[in-house]
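Some notes on the structure that comes next.
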C-alpha cells in the first residue's frame, strides 16, 4: 500500500501510523492555508498597484515598474496554484465508495473533455465493454483522477493525435486503459513519474500524478504506466471487484489493495 494513505485494519500499530499521518496532513494543510491568506493580500495589492499605472504607462520608468508588478503577479499566481495542488495532495481522504458503473464515469469525463479535444485536434476513441461488473467508486474523486490523466494525455499531444480509452473485465475486477499517441516518457522520467513535486512541465507542481495515484489506491486499485518516446503512453487503472454490492449506502473506509501478482 502507498504510504500516502493511513493503513487499514484494526492493528494498533496501523492505527498509530494513521493518527500520525492525519496529524501531519492537518499540520501541512494548516500551514498552506496560512500562506494563502497573505498571498491573497499580496495579489490584491499588486492588482490595485497595477491599476494605478494604467494599461499603457507613458514614461519608461512607469513601464519598467509595471513590468516588475506583472512578474510578481505571475509568480504569486503560480505559488497559489501550487498551494492548491498541495492541499489536494496532502489532505486525508475518506472515500465515500458507492456501487458505480465505470463506463458511465468514463463517459462523464469524456463529455467534459470533448470541447478541449476538438480544439486541440485530438480524436477520441472509446471502447467500453458493455457488461462490466459494478465497482465501488467515490465518483467525484475518481472523476478528478481520470480527468487529470486525460489532461496529461492532451498535453503530451500539442499538435493533436489520438486518445483511446478502453474498459474491460479482468480476473480481479475491471481495468481501464488510457492510451495516447503523444511524445512518450523517457526512462529517467518514468522512474520518478509518481514522485511528489517532480515535473518536467514548465510551471508544473509535480502533484497531479501523485494525487491521482493516491485516489486510485484509496479505491483499493492500482495504476501502471507504459511508454515509448515518440510513440505514446498507456496508463492502466485496475479496480477490484467488491466481494458484494450492498444496499447502495456509501462506504467511508478505503479498500485494501489487491495482493501483488
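Details
- Between residue 73 and residue 139, the simple label model (points 7 Å from Cα in the Cβ direction) yields a spacing of 4.0 nm.
- When Rg and the Kirkwood radius Rh are both evaluated on Cα atoms of the stretch 98-240, their ratio Rg/Rh stands at 0.94.
- Note on 188, 36, 68, 214: ascending count of other Cβ atoms within 10 Å places them as 188, 68, 36, 214, the fewest first.
- Separation between Cα centres of the stretch 52-70 and the stretch 132-186, rounded to whole Å: 45 Å
All of the numbers you see were taken from the coordinates with simple rules; none came from a lab. Given the structure is predicted, the values throughout are model-derived calculations rather than measurements. Cβ sites come from the backbone with ideal geometry, for glycine too, and all protein chains shown count toward neighbours.
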